[in-house]
Structures are given as C-alpha cells and as structure tokens.
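Peer 1: Before I ask anything, here is the structure I am working with.
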Amino acid sequence: MTEARKPIIRIRNITKRFGSVVACDNVDFDIYPGEFFALLGPSGCGKTTLLRMLAGFESASEGEIEIDGQPMLDVPPNKRPVNMVFQSYAVFPHMTVLDNVAYGLKVTGVPKAEARARAEEALGLVHLEGYGQRMPDQLSGGQRQRVALARALVKKPKVLLLDEPLSALDAKLRDAMRLELVRLQHTVGITFVIVTHDQDEALSMADRAAVMERGKVMQIAGPGDLYEHPNSRFVADFIGKVNVFEGKVSGVSGGRLAVEVGGMGRIEVPHDGVAQGDVGIAVRPEKTRLSKDRPASGLIVLKGKVTDVAYYGNESHILLDTDAGVQVTTTVQNEKRSTDAAMTIGDDMWISWSPEDTLVLNG
Amino acid sequence: MNAKLETAATAAPTAPIKRRERRNPLDYSSMRWMQIVLAGNFMFLYFPILALVAFSFNDSKRNITWQGFTLKYYEKAWNNIALHDAFMNTMTIATISTLVSTTFGTMLGLAIYRYKFPGKALYDGWIHLPIVIPEICMGVSMLAFFAAMNIPLGIFTITVSHIAFSIPFVAVVVRARMSGFDPSFEEASTDLGANQWQTFWNVTFPYMMPGVVAGALLAFTLSLDDFVITFFTSGPGSTTFPIKIYSMVRFSVTPEVNAASTALIVITLTLTITAMTIQSRSARRQGK
C-alpha cells in the first residue's frame, strides 16, 4: 500500500555485534513517511539496538542506514533529522519544563524569543499548557513523559524514535497514552518508530510492526496480518495466545493441505504456499468453540477435559487437556450475567473450530 | 471489626497488664547504657575543643585557671603581625590549591565514572592512595622529591603538595555525585542537537556542580588545617597558620593560641557545614 512512496528510513543489511553477541543480524527493511512503525520483540532481541543505531548512539558493524535519502554512516546523533524519547524520559532535572523543551532549539542557535514561543506551542500539543515554570520533580511520570515528547517534537524531526515509552506508566495511564500517541502522530504527521516488548501496544498503535527475535526480523506486517497470518511459530506465539499441534503433511490438493495430527487424525485445512514434512497446526483461543455434544461436521474437532478456568470478568480462559496430548486454551466471552452455564473442572467438552481459522506454521 | 477494636480499647484500662513495650532490637539509642556510652564518647571527643574555645576567653596569662571573661586575646592575636602573615600565607595556599585540585579532581572523578579502560581497578585504587597513606610518609616523600629536583622549599612547594593530596578527595566526591547520573541525559542532549561541549556545560556540569562545590570546600578545609605535610615542605617565610600556632605553643600556651585556634575551628566548621548543606540539599532535590 505504501510501497510506491519513497521510504524515509532505509535499513540495509544492518548487522551489529557486541563482541561475540550479534544484536542485529542482517536486518533489512524500509519505513515510509507518516508511518507509525513498531519494533516488537522480547527483551534482548535487538530492537533497542536498532533504534539506537537510527538515533546514532550505536554504529552498525555492517550495512548502512539512510534517513530521508541521506546516508547516516558518518552523521553524529546531533546532526541527524531524528529525535528520541528515552525510556527514562531523561528530562533534565535542573531545568524548568519550558527550558527543557526549548533546549534543543537554544543549542542550535534559534533566537530566544522564537525558541520560547515554539516551546510553549509544543507544550500545548501535549496538553501541558501552564506547566512551563515547573521543575521536573514536581511532575508525575506521565507528565514528565509529555515533556520528553514535547522536547523531541519541538525540533520538528523527520522521524520520532520512542524507546519503550509506556513501560514506566501504570496500566490506566498506559491505555490513555496509547490513544494519545496515535492522536499526536496524526496531528504532527511525523513518522514514529516505537520500540516495545508489549504486543498489545504494537497491535493497537502501529500501522506496521517488525517482529524481531535474536537479532533477526521474523516478520514485517500490519497488526491484522501479524495476528491472523503469522509466518512462523515464533510470531504466532509472541503475538497473542495460540494453541499449536504438531503434524505431518500427508497431501496437497487444490489449495487444501492434508495434515496427519497425533490424536486428531487426518485434517484438511486451506493453505496456499508450500508446506511439507513437519508443520504446526495452530488456532487462536478465541476462534475455538466449546460444546457438550459433538459439533456438526465440517469443523475440526477435538475432545478434552477442563482442567482450569481463569475468570477475567469480560471473558474466561478455559484450559483443557486434549486427546491430542496438548493443553488447549480457549476463551469464552461472558455475554450473560448468569453464571449458570459456567464450566467446571473435570467436564468433558468438545473443542471445535473452522478449517479456515487454522494456521499452518512452517518451521 | 470496629466493635471488636472498641471493646479492646475499653477493656485495656480495666485490666492493666503491665507489659514492657517490645523494643526493636536495633533501636540501640533507647537503651540507657548505650546513651551513657554515647555521652561519654561525645565528652571524650568534644571536651578538649570546648575547653580550648572557653579558655580563649580566659583573662589570664596562663591557661590553667579561669580568671574571668575577656576578648583581649582575640585582639592580641588579631594584631600579631606574624600570625597575620601566616594566615595570609595559608589563605593564598588554600585558594590556589583548591582551584587547581578541584579542576583536576573533577576531571579525574568524571573520567573514572565515565570510562572503562584496562587496569581501571588498579588505577582506581592507586588514586586513593593519598587518602590512606600516613601524612608523615607523604610529607617525607614530598620533601625528598623537592630536594631531588632542587626546588627551593616555600609557598610553591606547599601549594604543590596540597594540590597533590587534595585531588583524590575531590575526585571521590565528584564521582560519588556522578553515580546517580542517568547517561540518557547526555544522550538526550546530543540527540536534541547539542555538541559535546554544550552537553557538558548545559547538562553534565550542572548535575555535577554540588559535588564539585563540596569537593572544593573539602580541599579548602584540608589545605587550611594541614600541618604534617606543610611542615615538611615549608621553607623560610612560608609559615602557615597551623605551623605558626604550633611554634607559639612551643613557647607557652597562652589564650592567644586558643584564640587563633578557635578562629581556625570556626572557619573550618563553617566551610564543612556549607559543604554538607549543599550536598544534602542537592540530594533532596533529586528526590530519590
């Protein structure tokens, strides 16, 4: 969809080694103007290192980075058209809020009056009007983060880099700030690159996300594709919950794949692309149904015994031991107030789902 | 639950069970014997100083019995030209030594905080050496060094020695201050377009400032009252205040000596309290 446009960031075969540790392994992708792009992965996957290379705090061992058409190899951090919001916010403790926000303008020679006016404007953008004369220690964590945002945005960067921006906030504030960041990105129209280990954050905010593991980019896609069409076990497992059954491909015909799964027999699922040998057959918990009686044919069915019920209010997570020898999680929406139909541990249930909702995971 | 609490409260006076309040085993200061030990310690430490100060107001030639209150020995000390010269020498040495040692000590403290280099642990220990080695050793070695280099003893050699032993103290204080510094501050500054020079003066140095001030005051105090090293490295015409007092004592302990010493105590105390106040205030401002 955005491929026709000229990328704002080109990451070309970037490898970064720290001694014998490979933090980024031949990373290669583009980010397009106006995107809200997430670097997603577990801790230690190299996402922060990649972000720091974009900011210029680390240099790549191999490969090159272009920002806005300019190679960044010899460009120091203070000359790059990017600004960063640090995980610790790094709001200067000895300066007022206004001085913090105006700092980046003052050091680059913007006249005082103009710097002040633009800083006030940036504070307005993050809803901190009237906080200019406060000291950072008089602010809450959320407010300090807004100062850090304003301080970066006032520079009008081509790209705003955010390192785990929500990790230090409490849950309620985090939800509010997610929406706020998306709104802010729409307002300023700047490309945002955000690093996060929280899949919910990436899915709910980003236009596209790169899922990384051990220095490698596993998949780059929009949130929907990442969730519904993961290309690997890692991505399927990292983004959301998933039940995986091990199987062996026994035949392919007309876009359908026949797979032999232990304890379930031969099942047929739609699949385009190649698949052979050992594959994982997976299904998301919310795509499954539970019933006391064996459901109608045309579905993939599996028998199981309820071993645990985790009640979350809006939904319940039911854990079942299945004939396939795999523990399966299904989610049930608690649509009625009545708890009569609640399942109890030890109940025998049929688990079923549509072949179309089945994921085939190679490797 | 509330009712239960109430009955417990009303029942208490009717059934007065005498029970010793359980004491925190670490709450030493509430133990009588410990209070006595503490008081004894304070007496031991501060009585001589208090006596010295008290007798500086004593209207007597000799410092044995209390004869009445007077300020005349302060006046006498004030008008003592030799004492005056010694005081000026001390102030000159202390000022130069503080400026130089604070500059180098700050740089050293920052370098040790920031950089990793081979043999850092060794180097780190080695710069602390002047803090731990006996002053007498340092004095002798300084004297030997200056003699070997054919440098005449005087204000210059005293100043150099003071700079040498003050640097590690400043470095330690500055480094302790920097241990609470978030490296992201410097990165954020660079990220916002500042060069290294701007980053240092706008971000790093203001953070370091309380440590630098405290270090400087410490260096000043150390130089002000140093006796041993100064004694070894001083030459003709470079008598400092502590050495002058010592030579006066050798003749007789008059209240004039007490008065001069009291003046030194007051200056040292004032500077120390200032240093501590600055440090604690900055610690509170960090709010952590």
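The values are calculated or read from the model by the stated rules, or taken from the named source; none is laboratory data. All of these numbers come straight from a predicted model, not from anything done at the bench. Neighbour counts are summed over all protein chains in view; Cβ atoms, including those assigned to glycine, are modelled from backbone coordinates with ideal geometry.
Peer 1: Test each condition in (1) under 21 Å from the mean Cα position of the chain (by Cα); (2) within 30 Å of B:R281 (Cβ to Cβ); (3) small (G, A, S) for A:A38 and report the one that comes out false.
Peer 2: Here A:A38 meets the rest and fails (2).
Peer 1: Name the residue, out of B:T190, B:T157, that is crowded, with 16+ Cβ neighbours inside 10 Å and away from chain A (no Cβ under 14 Å). First the steps, then the outcome.
Peer 2: Values: B:T190 fails: away from chain A (no Cβ under 14 Å).
From the options B:T190, B:T157, the qualifying one is B:T157.
For (1) exposed (fewer than 11 other Cβ atoms within 10 Å of the Cβ); (2) under 24 Å from A:S232 (Cα atoms); (3) touching a Leu at 6+ places or on another chain (Cβ under 7 Å), each residue gets a yes or a no:
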| site | (1), (2), (3) |
| --- | --- |
| A:T288 | no, yes, no |
| A:G304 | no, no, yes |
| A:Y311 | no, no, no |
| A:D323 | no, no, yes |
| A:Q333 | yes, no, no |
| A:E356 | yes, yes, no |
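Peer 1: Within the range A:66-111, which residues are surrounded by 22 or more Cβ atoms within 10 Å (Cβ to Cβ) and part of a strand (DSSP E or B)?
Peer 2: A:I67, A:V82, A:N83, A:M84, A:V85
Peer 1: Here's something else I'd like to know. Assess whether A:F92 counts as being under 18 Å from B:Q196 (Cα atoms), of a type in the set (A, V, I, L, M, F, W, C) and either at the interface with chain B (Cβ under 8 Å from one of its Cβ atoms) or out of contact with any Pro (no Cβ under 6 Å at 6 or more places or on another chain) (or both).
Peer 2: On the way: under 18 Å from B:Q196 (Cα atoms): yes; of a type in the set (A, V, I, L, M, F, W, C): yes; either at the interface with chain B (Cβ under 8 Å from one of its Cβ atoms) or out of contact with any Pro (no Cβ under 6 Å at 6 or more places or on another chain) (or both): yes.
Considered against the rule, which asks whether it is under 18 Å from B:Q196 (Cα atoms), of a type in the set (A, V, I, L, M, F, W, C) and either at the interface with chain B (Cβ under 8 Å from one of its Cβ atoms) or out of contact with any Pro (no Cβ under 6 Å at 6 or more places or on another chain) (or both), A:F92 comes out as yes.
Peer 1: Follow-up. Considering only residues that are away from every other protein chain (no Cβ under 14 Å), part of a loop (DSSP other than H, G, I, E, B) and either under 27 Å from A:T187 (Cβ atoms) or not polar (S, T, N, Q) (or both), which ones fall in the range A:27-65?
Peer 2: A:Y32, A:P33, A:G34, A:E35, A:G41, A:P42, A:G44, A:C45, A:G46, A:A60 - these are the residues of the range A:27-65 that are away from every other protein chain (no Cβ under 14 Å), part of a loop (DSSP other than H, G, I, E, B) and either under 27 Å from A:T187 (Cβ atoms) or not polar (S, T, N, Q) (or both).
Peer 1: Now for a separate question. Hey, does the range B:167-180 have a residue that's within 14 Å of chain A (Cβ to nearest Cβ), surrounded by 16 or more Cβ atoms within 10 Å (Cβ to Cβ) and within 30 Å of A:F57 (Cα to Cα)? Lay out the reasoning, then the answer.
Peer 2: Keep residues of the range B:167-180 that are within 14 Å of chain A (Cβ to nearest Cβ), which gives B:177-178, B:180.
Imposing the further condition that a residue be surrounded by 16 or more Cβ atoms within 10 Å (Cβ to Cβ) reduces the set to B:177-178.
Next, from what is left, pick out any that are within 30 Å of A:F57 (Cα to Cα): B:177-178.
Yes - at least one qualifying residue is present in the range B:167-180.
Peer 1: Just to verify a result, which residue in the range B:193-220, among those that are of a type in the set (A, V, I, L, M, F, W, C) and facing chain A (nearest Cβ under 7 Å), is surrounded by the most Cβ atoms within 10 Å (Cβ to Cβ)? Steps first, please.
Peer 2: The initial filter retains those residues of the range B:193-220 that are of a type in the set (A, V, I, L, M, F, W, C), namely B:194, B:197, B:200-201, B:203, B:205, B:208-209, B:212-214, B:216-220.
When the remaining residues are screened for being facing chain A (nearest Cβ under 7 Å), the result is B:194, B:203.
Numbers: B:A194: 23, B:V203: 26.
By that ranking, first place goes to B:V203.
Peer 1: Condition first: exposed (fewer than 12 other Cβ atoms within 10 Å of the Cβ) and touching a helix residue (DSSP H, G or I) at 6+ places or on another chain (Cβ under 9 Å). Now tell me which residues in the range B:72-83 satisfy that.
Peer 2: Taking the range B:72-83 and keeping what is exposed (fewer than 12 other Cβ atoms within 10 Å of the Cβ), we get B:79, B:81-82.
B:A82 - this is the single residue of the range B:72-83 that is exposed (fewer than 12 other Cβ atoms within 10 Å of the Cβ) and touching a helix residue (DSSP H, G or I) at 6+ places or on another chain (Cβ under 9 Å).
Peer 1: Same structure again: I'm told B:R281 meets every condition in (1) modelled with pLDDT of 85 or more; (2) over 28 Å from B:M138 (Cβ atoms) except one. Can you identify the failing condition by its number?
Peer 2: Looking at each condition in turn, B:R281 falls short on (1).
Peer 1: Being farther than 16 Å from B:T262 by Cα, out of contact with any helix residue (DSSP H, G or I) (no Cβ under 9 Å at 6 or more places or on another chain) and aromatic (F, W, Y) narrows it down to one residue among B:F104, B:F47, B:F42, B:F69; which is it? I'd like the intermediate steps shown before the answer.
Peer 2: Working: B:F104 fails: out of contact with any helix residue (DSSP H, G or I) (no Cβ under 9 Å at 6 or more places or on another chain); B:F47 fails: farther than 16 Å from B:T262 by Cα; B:F69 fails: farther than 16 Å from B:T262 by Cα.
On inspection, the qualifying residue turns out to be B:F42.
Peer 1: Here's a check for you: in the range A:164-194, which residue that is crowded, with 22+ Cβ neighbours inside 10 Å and within 14 Å of chain B (Cβ to nearest Cβ) is farthest from A:D30 (Cα to Cα)?
Peer 2: Checking each candidate, the answer is A:P165.
Peer 1: It is to be established whether one or more residues within the range A:328-351 are closer than 20 Å to A:G247 by Cβ, in a loop (DSSP other than H, G, I, E, B) and either assigned by TED's automatic domain parsing to the domain that holds A:P270 or among the polar types (S, T, N, Q) (or both). Talk me through it step by step, then tell me what you get.
Peer 2: From the range A:328-351, those closer than 20 Å to A:G247 by Cβ are A:328-330, A:350-351; that's our starting set.
If we keep only those that are in a loop (DSSP other than H, G, I, E, B) as well, we get none.
The answer is no, given that none of the residues of the range A:328-351 is closer than 20 Å to A:G247 by Cβ, in a loop (DSSP other than H, G, I, E, B) and either assigned by TED's automatic domain parsing to the domain that holds A:P270 or among the polar types (S, T, N, Q) (or both).
Every residue, every condition in (1) touching a Pro at 6+ places or on another chain (Cβ under 8 Å); (2) modelled with pLDDT under 90; (3) not in a loop (DSSP other than H, G, I, E, B); (4) not assigned by TED's automatic domain parsing to the domain that holds A:K106, yes or no:
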position: A:Q143; (1), (2), (3), (4): no, no, yes, no
position: A:V147; (1), (2), (3), (4): yes, no, yes, no
position: A:L169; (1), (2), (3), (4): no, yes, no, no
position: A:E180; (1), (2), (3), (4): no, yes, yes, no
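Peer 1: Can you run down the residue pairs with Cβ atoms below 8 Å, 6 or more apart or on separate chains, where the first is in the range A:114-126 and not assigned by TED's automatic domain parsing to the domain that holds A:L181 and the partner is assigned to a helix (DSSP H, G or I)?
Peer 2: Nothing qualifies.
Let's see how each residue does on (1) exposed (fewer than 12 other Cβ atoms within 10 Å of the Cβ); (2) farther than 16 Å from B:A164 by Cβ; (3) within 20 Å of the chain's Cα centre (by Cα):
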residue	(1), (2), (3)
B:Y46	yes, yes, yes
B:L50	yes, yes, yes
B:G68	yes, yes, no
B:T98	no, no, yes
B:L110	no, yes, no
B:R114	no, yes, no
B:V132	yes, no, yes
B:V140	no, no, no
B:L143	no, no, no
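Peer 1: Scan the range A:232-247 residue by residue and report those that are within 15 Å of the chain's Cα centre (by Cα) and surrounded by fewer than 20 Cβ atoms within 10 Å (Cβ to Cβ). Quick ask: steps written out before the conclusion?
Peer 2: As a first pass, look at the range A:232-247 and keep what is within 15 Å of the chain's Cα centre (by Cα): A:234-241.
A:D237, A:G240, A:K241 - these are the residues of the range A:232-247 that are within 15 Å of the chain's Cα centre (by Cα) and surrounded by fewer than 20 Cβ atoms within 10 Å (Cβ to Cβ).
Peer 1: To continue, here is another question. Given the conditions (1) within 12 Å of chain B (Cβ to nearest Cβ); (2) assigned to a loop (DSSP other than H, G, I, E, B); (3) within 32 Å of the chain's Cα centre (by Cα); (4) farther than 25 Å from A:H186 by Cα, report the number of the one that A:D137 does not fulfil.
Peer 2: Condition (2) is where A:D137 drops out.
Peer 1: Moving on to the next point. Of all residues being surrounded by 12 or more Cβ atoms within 10 Å (Cβ to Cβ) and touching a strand residue (DSSP E or B) at 6+ places or on another chain (Cβ under 9 Å) in the range B:52-66, which is nearest to B:S261 (Cα to Cα)? Just the residue, please.
Peer 2: That would be B:F57.
Peer 1: State all residues of the range A:96-121 that are hydrophobic (A, V, I, L, M, F, W, C) and either touching a helix residue (DSSP H, G or I) at 6+ places or on another chain (Cβ under 7 Å) or at the interface with chain B (Cβ under 7 Å from one of its Cβ atoms) (or both); if no residue qualifies, say none. Give the steps one after another, and end with the answer.
Peer 2: So the first thing to find is which residues in the range A:96-121 are hydrophobic (A, V, I, L, M, F, W, C), and the list is A:97-98, A:101-102, A:105, A:107, A:110, A:113, A:115, A:117, A:119.
Hits for the range A:96-121 are A:V97, A:L98, A:V101, A:A102, A:L105, A:V107, A:A115, A:A119.
Peer 1: Further question: Output the residues belonging to the range A:304-338 that are among the charged types (D, E, K, R) and at pLDDT 85 or above.
Peer 2: First, pick out the residues of the range A:304-338 that are among the charged types (D, E, K, R): A:305, A:308, A:315, A:321, A:323, A:335-337.
Matches in the range A:304-338: A:K305, A:D308, A:E315, A:D321.
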